[in-house]
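Structure, as structure tokens:
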Amino acid sequence: MRGAKRVLIIGAGAGGLAAAIDLASAGANVTVLDRAGEVGGKMRQLRVDGVGIDAGPTVFTMRWIFEALFQRAGATLSDHLTLRSAERLARHAWLDGSRLDLWADIDRSAADIEAFSDARNADGYQAFCEDSRKIFETLKDPFISSPKPSPLSLSHRIGLHRPHKLWQTRPFERYASRLRHYFSDPRLLQLFGRYATYIGSSPYLTPATLMLIAHVEQDGVWIVDGGMRAVARAMQTVAEGQGAVFRLANGVQSIDLDGGCVKGVTLEDGERLPADAIIFNGDQSALAAGLLGSDVTSAGQPVSRVRRSLSALTWCAHTTISGFDLDYHTVFFSDAYREEFREIFEDRKLPTQPTIYICAQDRAAPERPSGRERLLILVNAPADGDVQPMSPEQLPRLREKMAQYLQRFGLRLEPDAPAIPTPPDGFHALFPGTGGGLYGRANHSPFGSFARMGATTRIKGLFLAGGSVHPGAGVPMATMSGRLAAQAVLRAH
């Protein structure tokens with residue numbers, strides 16, 4: 001980049017870190033600002049009882065995105081991170097006592113599904129995996145790795161001579177309905193419907209295109225030594241190696257304009273920093289809400305409460321367990337799955353019978369841990385943290401209710417063990433403008449994926465990255481959004 005353009009990146013989450021690597025590698029003068037004291041954004045840890053527990057994303061997938069990013073800076077992913085391929089993807093349990101493990105090996109999963117259910121559902125699983133792969137391969141380059149498309153431009157990218165390819169992505173079919181083409185067992189409909197929640201959506205409302213998430217897991221899941229925070233720190237190290245400067249615990253009060261173009265930022269302590277370009281790596285709703293100043297509200301798109309993605313009520317706990325053999329990832333399914341999403345998205349309340357996800361972070365090692373274990377326990381919740389905060393009195397009662405519910409599956413947690421809760425209003429405080437929504441807007445329409453903003457905005461010199469913009473939510477997608485934002489900056493300059 002000629003003239004060493006000054007680029008400020010607001011937010012040191014995955015998107016901001018990726019943009020910092022690419023821009024610094026291109027010769028830009030990059031400074032990354034974040035009001036938090038460390039990098040990572042949602043890739044955060046909480047210290048409970050003296051140990052660090054991953055309190056956000058727990059799955060490392062789409063390794064090819066990170067390998068390409070590190071290679072851009074002349075680095076190697078394996079030199080910065082120790083990754084271990086997960087043989088078992090997850091353990092699943094139901095209230096009737098049935099259990100099913102899914103494996104990285106599709107044939108092994110199919111054999112277990114046949115024993116769990118029947119041969120027809122096992123064959124359906126094989127067909128589901130194949131169709132998921134086709135959707136992913138169709139959209140990988142023209143959608144995931146490319147600037148925000150429109151439906152028409154996506155058709156051009158896929159190839160107007162291949163309309164069947166676009167049709168096979170099934171944008172006009174509901175995900176839950178499509179699953180019935182593969183599975184008749186209601187437990188399997190729940191299990192594979194859960195992939196919609198990976199982008200904060202309901203399987204009963206999101207398009208069947210999101211089947212591609214299943215292929216992302218089948219393509220490889222890795223466990224990171226040091227947790228997902230280690231991914232953020234590795235990205236910071238690579239960015240710094242290219243000359244990027246990090247100013248943490250430096251919150252931004254406003255993005256400042258001059259003649260309709262960005263000229264810099266004003267920090268919360270009053271300091272002003274000049275810039276030729278700014279990347280905002282936060283939820284774009286914060287811009288629309290005026291949280292970065294009234295001059296840049298037009299750069300974001302307000303997302304109404306009912307269009308927000310899922311939030312969560314989580315506990316990071318250091319506790320002893322008994323009665324159920326947890327795996328690293330374990331999902332406990334409710335008996336009222338459709339009702340669960342109706343309560344969240346329509347009634348705007350915590351589900352009466354929630355599906356509960358637990359990441360048992362000490363179970364990645366071959367040996368089973370003894371004594372207390374590090375658990376992240378998650379219940380899906382409506383993203384109403386800005387209007388319906390939970391009182392301190394509610395949280396202990398909800399924790400006790402959750403523990404009693406897990407006992408129905410045979411899992412017993414140590415009463416009163418050290419734990420830190422994060423309710424939707426806690427996530428809203430961490431990620432302003434979201435109401436606690438963790439994935440941007442919910443994808444509940446055939447064109448929901450096109451409703452997200454791209455890297456460019458109406459304001460010259462202001463660009464966007466993060467899970468609330470194209471190509472979508474999750475650490476790999478947010479990382480790709482940062483790369484796309486960096487490309488947009490380089491094109492503009």
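Just so it is clear, none of the values below were taken in a lab; they were calculated from the coordinates. It should be emphasised that the depicted structure is a prediction, and the values quoted were computed from it without experimental measurement. Cβ sites come from the backbone with ideal geometry, for glycine too, and all protein chains shown count toward neighbours.
Brief remarks follow.
- The distance between label points at Q404 and E240 comes to 4.9 nm (points 7 Å beyond Cα on the Cα→Cβ vector).
- Helices assigned as whole DSSP H runs in the chain whose Cα atoms extend at least 24 Å along their own long axis and whose mean Kyte-Doolittle hydropathy is -1.0 or higher are found at 119-139, 475-492.
- For the stretch 354-373, backbone nitrogen atoms closer than 16 Å to the point 7 Å from T82 Cα along Cα-to-C-beta are found at 362-367.
- The chain - charge dipole about Cα centre, Lys and Arg +1 at Cβ, Asp and Glu -1, debye rounded to 20: 1300
- Within the stretch 323-394, the proportion of Cα pairs with more than 16 Å between them is 59 percent.
- Expressed in Å, the radius of gyration and Dmax of the Cα atoms of the stretch 124-219 are 13.3, 39.
- Exposure proxy ranking for C261, C316, based on other Cβ atoms within 10 angstrom of each Cβ and starting from the fewest, stands as C261, C316.
- From the alpha carbon centroid of the stretch 7-38 to that of the stretch 424-475 is 18 Å.
- With all projection directions averaged, the alpha carbon convex hull of the stretch 353-470 covers 11.2 nm².
- Simple spin-label estimate for D123 and L248 gives 5.5 nm between the two label positions (7 Å along the Cα-to-Cβ direction from each Cα).
- Over all other residues within a Cβ to Cβ distance under 15 Å of H470, the charged ones net out to +4, with Lys and Arg as +1 and Asp and Glu as -1.
- Whole-percent pair-distance distribution, where bins are 10 Å wide, for the alpha carbons of the chain: 4, 20, 31, 28, 14, 4, 0
- For a label point 7 Å along the Cα-to-beta-carbon line of D335, residues of the stretch 183-216 with backbone N under 16 Å: 186-187
- Listed from fewest to most Cβ neighbours within 10 Å, the set C129, C359 follows the order C129, C359.
- Above-threshold pairs, the threshold being 19 Å between Cα atoms, out of K263/K460; K349/K401; K42/K134: K42/K134
- Relative intensity, log₁₀ I(q)/I(0), of the stretch 19-156 from a Debye sum that treats every alpha carbon as a point, q = 0.19 Å⁻¹: -1.28
- At the listed q of 0.14, 0.15, 0.16 Å⁻¹, the Debye profile of the stretch 252-296, built from one uniform point per Cα, gives log10 I(q)/I(0) equal to -0.29, -0.33, -0.38.
- Taking a point 7 Å from the Cα of D101 along the Cα-to-Cβ direction, the residues of the stretch 192-230 with backbone N closer than 20 Å to it are 192, 217-224.
- Per the Debye calculation on the stretch 252-408 with a single equal scatterer at every Cα and no solvent contribution, log₁₀ I(q)/I(0) for q = 0.09 Å⁻¹ amounts to -0.49.
- Largest-first ellipsoid semi-axes for the stretch 175-296, taking √(5λ) over the Cα gyration tensor eigenvalues, angstrom: 41, 22, 12
- Fraction of alpha-carbon pairs over 12 Å apart in the stretch 352-398 - percent: 75
- Listed peptides 188-198, 222-232, 267-277 by packing density, highest first (mean Cβ within 10 Å): 188-198, 222-232, 267-277
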